[in-house]
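First comes the structure, then the notes that go with it.
The values are calculated or read from the model by the stated rules, or taken from the named source; none is laboratory data. All values reported here derive from a predicted model rather than from experimental measurement. In this analysis, Cβ positions are derived from the backbone assuming ideal geometry, glycine residues included, and neighbour counts consider all displayed protein chains. To get the accessible areas, we keep the full protein, side chains included, count just its heavy atoms, and leave off ligands, DNA and RNA. Shrake-Rupley method; radii C 1.70, N 1.55, O 1.52, S 1.80 Å.
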Amino acid sequence: MSSLLKPFSVCEGPCESSGVRRGSASSAPHQQSSARRLAAAGLGSLPAHQRSYAARRNLAAAAVGGRKITHPGKAILAGGIAGGIEICITFPTEYVKTQLQLDERANPPRYRGIGDCVKLTVQDHGLRGLYRGLSSLLYGSIPKSAVRFGTFEMLSNPMRDATGRLDNTRSLLCGLGAGITEAIVIVCPMETLKVKLIHDQCSLRPRYRGFFHGVSEIIREQGVRGTYQGLTATVLKQGTNQAIRFYVMNLLRNWYKGDDPRKEMHPIVTAMFGATAGAASVFGNTPLDVVKTRMQGLEAYRYKNTVDCAFQILKQEGPQAFYKGTVPRLGRVCLDVAIVFVLYEEVVKLLNNVWKTQ
């Protein structure tokens with residue numbers, strides 16, 4: 001017991017006094033092994049404090065065979081490419097969802113359902129009618145996905161462990177931060193323009209001749225502030241959206257890899273996990289999406305604020321109105337998230353081959 005009270009010291013490297021090395025002889029093999037490992041890593045010639053820093057940096061970069069930490073620049077580029085391709089594939093479902101949400105019960109409903117909405121749109125405007133408002137969403141989807149993934153990687157990289165693994169709670173917080181950032185920077189003005197252009201098509205005499213004409217008219221009449229209608233609802237929607245999606249995706253990824261961070265995920269597995277994450281976000285925040293859409297429509301003047309909008313919907317249309325457009329949104333979002341996560345992962349792999357980063 002008295003030996004526990006004796007003073008002790010920890011030395012890094014050889015410690016000699018009067019030509020005699022301190023420490024027991026049994027520590028020699030361990031120190032020699034450490035020296036060999038440092039030499040193999042190319043760190044043996046560095047001072048102690050530099051060796052420590054370089055070792056941590058190499059661990060993070062190599063991620064010990066796990067999911068490598070993605071450079072934010074790669075995340076921005078890969079996210080932008082994935083977002084542009086995805087929206088071109090899924091826009092018709094977004095169009096139908098928005099039309100059904102704007103088809104208020106207070107007035108005689110124009111559409112009897114998803115099929116009827118598609119049928120009447122094609123009859124009145126042709127197949128191109130299902131892509132009305134695509135330009136506003138396309139111009140926004142590329143920077144939106146870029147901001148989303150770039151922000152997520154910037155927030156999550158310092159939180160990962162030595163194997164590159166991110167725990168579920170931190171993935172939720174990082175997803176929330178990414179969603180709030182994209183809502184303020186990109187999504188709110190983009191969604192406002194999209195909803196106004198789609199809603200304008202419902203009018204007997206549409207005012208907007210196209211994206212740029214619509215943008216110029218909206219800004220001329222309402223100023224830049226006119227493109228930020230429903231900001232609170234958008235921040236709430238996007239924040240919860242990405243928090244749920246990244247949380248579920250990270251949860252499934254960690255479950256799939258288990259104790260083997262080296263395990264590769266096939267694109268089909270990534271797509272399935274992405275679709276599951278998308279479905280979870282739909283059921284979790286469709287009411288916020290409905291309120292956001294109403295706050296950004298051409299009749300947004302009827303509502304004092306986000307809370308008043310939600311109250312009026314509940315009072316005049318009942319609680320089921322908060323889930324209008326759930327089915328088309330479910331189809332679009334599941335496909336959207338699956339495609340985006342798969343494309344993002346694959347583009348990052350390609351970038352890793354041509355863009356070397358630490």
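Using a 1.4 angstrom probe on heavy atoms only, work out the carbon and sulfur share of the accessible area of segment 233-324 in %. Numbers along the way, then the final one.
On the way: 2720 of 4200 Å².
Carbon plus sulfur share of accessible area: 65 percent.
Suppose we take every Cα in segment 233-324 and form the convex hull; what volume per residue is that in Å³?
Details: hull volume 9.6 nm³, N = 92.
Expressed per residue, the convex hull around the Cα atoms of segment 233-324 is 104 Å³.
Give the relative contact order (percent, whole number) for segment 173-271; include only Cα pairs under 8 Å separated by 6+ residues. Don't skip to the end; give the middle numbers.
On the way: 73 pairs, mean separation 43.7, N = 99.
Reported as a whole number, the value is 44 percent.
At 1.4 Å probe size, with no ligands or nucleic acids counted, give the accessible surface of His71 in Å², nearest ten.
Estimated to the nearest 10 Å², His71 gives 70 Å².
When ligands, DNA and RNA are left out and all protein chains stay put, how many square angstrom of accessible area per residue does segment 233-324 have with a 1.4 Å probe? The partial results should precede the final answer.
Numbers: 4200 Å² over 92 residues.
Accessible area per residue: 46 Å².
Using heavy-atom solvent-accessible surface (probe 1.4 Å) with all chains present, what is the largest-first order of Lys324, Lys356, Lys237? All intermediate terms of the calculation are to be shown ahead of the outcome.
Details: Lys324 40, Lys356 155, Lys237 15 Å².
Of Lys324, Lys356, Lys237, the descending order of accessible area is Lys356, Lys324, Lys237.
Calculate, in nm to one decimal, what Asn168 and Leu298 gain on full extension: separation in residues at 0.36 nm each, minus their alpha carbon distance.
Numbers: separation 130, 0.36 × 130 = 46.80 nm, distance 3.97 nm.
Length gained between Asn168 and Leu298: 42.8 nm.
State, to one decimal in nm, how far the label point of Leu127 lies from the label point of Thr357, with both points 7 Å from Cα in the Cβ direction.
So the label points at Leu127 and Thr357 sit 3.9 nm apart.
For segment 276-285, take each phi angle, set θ = phi - 60°, evaluate the Karplus expression 6.51 cos²θ - 1.76 cosθ + 1.60, and give the result in whole Hz per residue in order, putting x for glycine and proline.
Listing the rounded values in order: 5, 5, x, 4, 4, 5, 5, 5, x, 9 Hz.
Near Lys263, which lysines are there with a Cα under 19 Å away, not counting those fewer than 8 places off in the same chain?
Reachable lysines: Lys68, Lys349.
Label-point separation (nm) for Leu204 and Glu221, each offset 7 Å from Cα along Cα-to-Cβ?
Inter-label distance under the simple model: 1.7 nm.
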